[in-house]
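Take a look at the structure set out below.
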């Protein structure tokens, strides 16, 4: 009976609850390196660039990726700061869902993106 109860509890758990306590969150920098409180990490395995509709002026957006720690896959993408263009935000979110990370490295990634025409610059620039 205890085993059945334990299995039931496991099915209720979502990826967001799995092993997140001590893993850092990070911010993508201009060199495609994840900057965390523990220092830089080479956490990206697969990070295709978004293909977005051309924009007339330079715009920026900031997006958050929530990562399944055990697999490194993405389970949620959110807009933190909109680019102001719904089709650009939708294209970016669709592409960010395809990103893959090394397992057990980070649980969340903040991705600042700058758009100019059809050119996309990923990561924070200073």
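Please state which one of 77, 62 is touching a strand residue (DSSP E or B) at 6+ places or on another chain (Cβ under 9 Å), without any contact (Cβ under 8 Å) to a residue 24 or more places away in the chain, in a strand (DSSP E or B) and surrounded by 15 or more Cβ atoms within 10 Å (Cβ to Cβ).
Only one candidate qualifies: 77.
Give segment 95-126 a look and list any residue that's without any contact (Cβ under 8 Å) to a residue 40 or more places away in the chain and under 16 Å from residue 46 (Cα atoms), or say none.
Across segment 95-126, the qualifying residues are 97, 103.
Which one of the conditions (1) at pLDDT below 95; (2) under 21 Å from residue 113 (Cβ atoms) does residue 4 fail to meet, given that it meets all the rest?
Failed condition: (2).
Is at least one residue of segment 82-104 in contact with a helix residue (DSSP H, G or I) (Cβ under 7 Å, 6 or more places away or on another chain) and part of a loop (DSSP other than H, G, I, E, B)?
Residues of segment 82-104 that are in contact with a helix residue (DSSP H, G or I) (Cβ under 7 Å, 6 or more places away or on another chain), as a first pass: 82-83.
With the extra rule that they be part of a loop (DSSP other than H, G, I, E, B), the set shrinks to 82-83.
Checking segment 82-104: at least one residue is in contact with a helix residue (DSSP H, G or I) (Cβ under 7 Å, 6 or more places away or on another chain) and part of a loop (DSSP other than H, G, I, E, B).
Hey, among 83, 87, which residue is more than 15 Å from residue 28 (Cβ to Cβ) and in contact with a strand residue (DSSP E or B) (Cβ under 8 Å, 6 or more places away or on another chain)?
Details: 87 fails: in contact with a strand residue (DSSP E or B) (Cβ under 8 Å, 6 or more places away or on another chain).
Step by step, each of 83, 87 is checked, and only 83 is more than 15 Å from residue 28 (Cβ to Cβ) and in contact with a strand residue (DSSP E or B) (Cβ under 8 Å, 6 or more places away or on another chain).
Within segment 83-90, can one find any residue that is surrounded by 16 or more Cβ atoms within 10 Å (Cβ to Cβ), under 16 Å from the mean Cα position of the chain (by Cα) and under 22 Å from residue 23 (Cβ atoms)?
No, segment 83-90 contains no residue that is surrounded by 16 or more Cβ atoms within 10 Å (Cβ to Cβ), under 16 Å from the mean Cα position of the chain (by Cα) and under 22 Å from residue 23 (Cβ atoms).
The values are calculated or read from the model by the stated rules, or taken from the named source; none is laboratory data. These figures come from a predicted structure and were not determined experimentally. No Cβ is skipped: glycine too gets one built from the backbone with ideal geometry, and neighbour counts run over all protein chains shown.
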